[in-house]
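Student: Have a look at this one.
The values are calculated or read from the model by the stated rules, or taken from the named source; none is laboratory data. Computed from a prediction, not measured in an experiment: that's the story for all the values here. All Cβ positions, even for glycine, are placed from backbone atoms using ideal geometry, and neighbour counts span all protein chains on display. Areas reflect the complete protein model, heavy atoms only, side chains present, ligands, DNA and RNA absent. Shrake-Rupley method; radii C 1.70, N 1.55, O 1.52, S 1.80 Å.
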Amino acid sequence: MSSTGRISERIASIAESATLAVDAKAKALKAAGRPVIGFGAGEPDFPTPDYIVEAAVDAARQPRFHRYSPAGGLPELKKAIAAKTLRDSGYAVDPAQVLVTNGGKQAVYESFATLLDPGDEVLVPTPYWTTYPEAIRLAGGVPVEVFAGPEQGYLVSVEQLEAARTENTKVLLFVSPSNPTGAVYPAEQVAEIGRWAAEHGLWVITDEIYEHLTYDGVPFTSIATAAPELGDKVVVLNGVAKTYAMTGWRVGWMIAAPDVIKAATNLQSHLSSNVSNVSQMAALAAVSGPLTAVDEMKQAFDRRRRAMVAALNSIDGVECPMPEGAFYAYADVRGLLGREFPGKDGAVRPQTSAELAALILDTVEVAVVPGEAFGPSGYLRLSYALGDEDLATGMQRLQDFLGQAVR
Ligand SMILES: Cc1ncc(COP(=O)(O)O)c(C=O)c1O
């Protein structure tokens, strides 16, 4: 019997991306002339470096790039991604193990679609990036949340993972540095988690898109090299978006065993074919060039990170561990819930972080993303990838407003 609804149940069950929704609301208010400060965006506020843009301009002038190219990516880019992976993580892969995707997001979808059968469970360290559970469910899988709060630095332990493992667990998702918490797993813990996954025959999908954004000399550790016991049951996801300020160019990739990449490439050949050749050539210039631009961005992010976390921790009822990577602060605001705030139409007592975020946007025109987008209520994610002045203004508004809370 065919279903009667206009929209299929599978697609109707997908939630709107809460991070994009906050960003869209903030942008709409801004367009209407409101002085909104947006802490919602997950993208660097810098332009793409010139030499990368030039490579794209050059490619756009070449007729061979006006045509379809191999669905799995330009051979020269796949080779450069393999070389970059060896350079940055010491992980040796063959270009045949690389699939170039339309942004890291497509690599996330295709990895789950390629590995999961209906009912397969995926362990998802929580708070998680908002896209993962949707991608897992669309592939027929079951996301299993494993929550780690601020008291453990937002880092899940092997004991917690083991307690969540069942005979249906097929994949462990691993994300370090993390969106939304900015947490970075120490090398020892990465190795321990990887060994545990290997011992139980699990696959690990590791999202390494923030690999170059760590602070205070904290090293990034790839689970693929830290736990060689995983063998070929590891899928590395990455992209140029965050490292080279290239969110709009849409180039990411997936690295896995040749049979996995072959299957995922078949999927992509029917879904979207090749990624824009012009963008691929820009990505080629990015991954085969220096890391100086990201080092410069990092200095600005580091300054803003300190300013933001100090301001957050100065507010009674807010606790924010110092994030060691990415460009997000994840503040614990459970201490503010249930307190009384002055709203536009009288006093209000927000009970959830979603209500608190809506109140903040309505009252002092500051956009933050509530914890509900990433797991349990009680937290706010603030991106510090915005200008220093905006950051100072936004934090001052938050301090003034949240500081008025009455118990
Ligand atoms: C953890 C993580 N993975 C992947 C992505 C996807 O990035 P893109 O699709 O822009 O390459 C993002 C973007 O926000 C992210 O935060």
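Student: Using a Förster distance of 30 angstrom, determine the FRET efficiency expected from the C-beta separation of His66 and Ala307, and round it to 0.05.
Tutor: The formula returns an efficiency of 0.05 here.
Student: Under 5 Å between amide hydrogens, which residues at least 5 positions from Phe174 or on another chain qualify, with H placed 1.01 Å from N in the peptide plane?
Tutor: Distant-sequence amide H within range of Phe174: Ile205, Thr206, Asp207.
Student: Among Phe341, Ser13, Gln399, whose Cα lies farthest out toward the positive end of the dipole of the chain, if unit charges sit on the beta carbon of Lys, Arg (+1) and Asp, Glu (-1)?
Tutor: Ser13
Student: Something else about it: Dipole size in debye (nearest 20) for region 249-407 around its Cα centre, Lys and Arg Cβ +1, Asp and Glu Cβ -1?
Tutor: Numbers: 14 positive and 18 negative charges, 52 e Å.
The calculation lands at about 260 debye.
Student: Pick out, from Trp196, Pro70, Gly239, the residue whose Cα sits farthest towards the positive end of the charge dipole of region 67-289, with +1 on the Cβ of Lys and Arg and -1 on the Cβ of Asp and Glu.
Tutor: Pro70
Student: For region 174-243, what D do you get in µm² per second when you plug the Kirkwood radius from alpha-carbon pairs into Stokes-Einstein at 37 °C and 0.692 mPa s?
Tutor: 268
Student: Once you sort the root eigenvalues of the Cα gyration tensor of region 35-106 as a ≥ b ≥ c, which label holds: rounded (a/c under 1.5), prolate (a/b larger than b/c) or oblate (the other case)?
Tutor: Oblate shape, in that a/c is at least 1.5 and b/c is the bigger or equal ratio.
Student: Shape of region 53-172 from its Cα gyration tensor (a ≥ b ≥ c, root eigenvalues): rounded if a/c is under 1.5, otherwise prolate when a/b > b/c, or oblate?
Tutor: prolate
Student: Additional query: What distance in nm lies between label points placed 7 Å from Cα along the C-beta direction at Ser269 and Gln152?
Tutor: The modelled label-to-label distance comes out at 4.4 nm.
Student: Can you tell me, using C-alpha contacts under 8 Å and at least 6 residues apart, the relative contact order of the chain as a whole percent?
Tutor: RCO, the chain: 22 percent.
Student: Please state, rounded to one decimal and in Å, the Kirkwood hydrodynamic radius that region 67-289 gives when every pair of distinct Cα atoms enters the mean of 1/r. Intermediate results must be reported in sequence, preceding the final value.
Tutor: Details: mean 1/r = 0.0576 Å⁻¹.
For region 67-289, inverting the mean 1/r across all distinct Cα pairs yields 17.4 Å.
Student: Same structure, new question: For Ile209, what accessible surface area do you get with a 1.4 Å probe? Give it in Å², rounded to 10.
Tutor: 20
Student: I've got another one for you. Can you figure out the FRET efficiency of Ala358 with Thr292, using R₀ = 51 Å and their beta-carbon distance, to the nearest 0.05?
Tutor: Once rounded, the FRET efficiency stands at 0.80.
Student: Follow-up. Averaging sequence separations of C-alpha pairs under 8 Å and six or more residues apart, then dividing by the length of region 251-407, give the relative contact order as a whole percent.
Tutor: Here the relative contact order equals 20 percent.
Student: Right, another one. Between Asp94 and Glu159, what FRET efficiency follows from the Cβ-Cβ distance if R0 is 56 Å, with the result rounded to 0.05?
Tutor: It comes to 0.95.
Student: Output ³J(HN,Hα) for region 384-392: one whole-Hz value per residue in order, computed from phi by the Karplus curve 6.51 cos²θ - 1.76 cosθ + 1.60 with θ = phi - 60°, and x for Gly and Pro.
Tutor: With coefficients 6.51, -1.76 and 1.60, one gets 9, 8, 8, x, 4, 5, 4, 4, 5 Hz.
Student: Debye calculation, C-alpha points only, no solvent: report log10 I(q)/I(0) for the chain at q = 0.06, 0.09, 0.12, 0.14 Å⁻¹, in the same order as the q values.
Tutor: -0.24, -0.56, -0.99, -1.31
Student: May I ask for the angle, rounded to the nearest 10°, between helix 258-271 and the longest principal axis of the chain, with both axes built from Cα atoms and the value confined to 0 to 90°?
Tutor: The angle comes out near 70 degrees.
Student: Along the charge dipole of region 1-134, which of Gly90, Tyr51, Val100 sits closest to the positive end, that is, farthest toward it, with unit charges on the beta carbon of Lys, Arg, Asp and Glu (+1, +1, -1, -1)?
Tutor: Tyr51
Student: How big is the dipole moment of the chain about its Cα centre under a simple scheme where the beta carbon of each Lys and Arg is +1, that of each Asp and Glu is -1, and everything else is neutral? Debye, nearest 20, please.
Tutor: Charge dipole of the chain: 1080 debye, to the nearest 20.
Student: Another question about this same structure. Taking H as built 1.01 Å from N, whose amide H comes closer than 5 Å to the amide H of Gly239, not counting residues under 5 places away?
Tutor: Trp253
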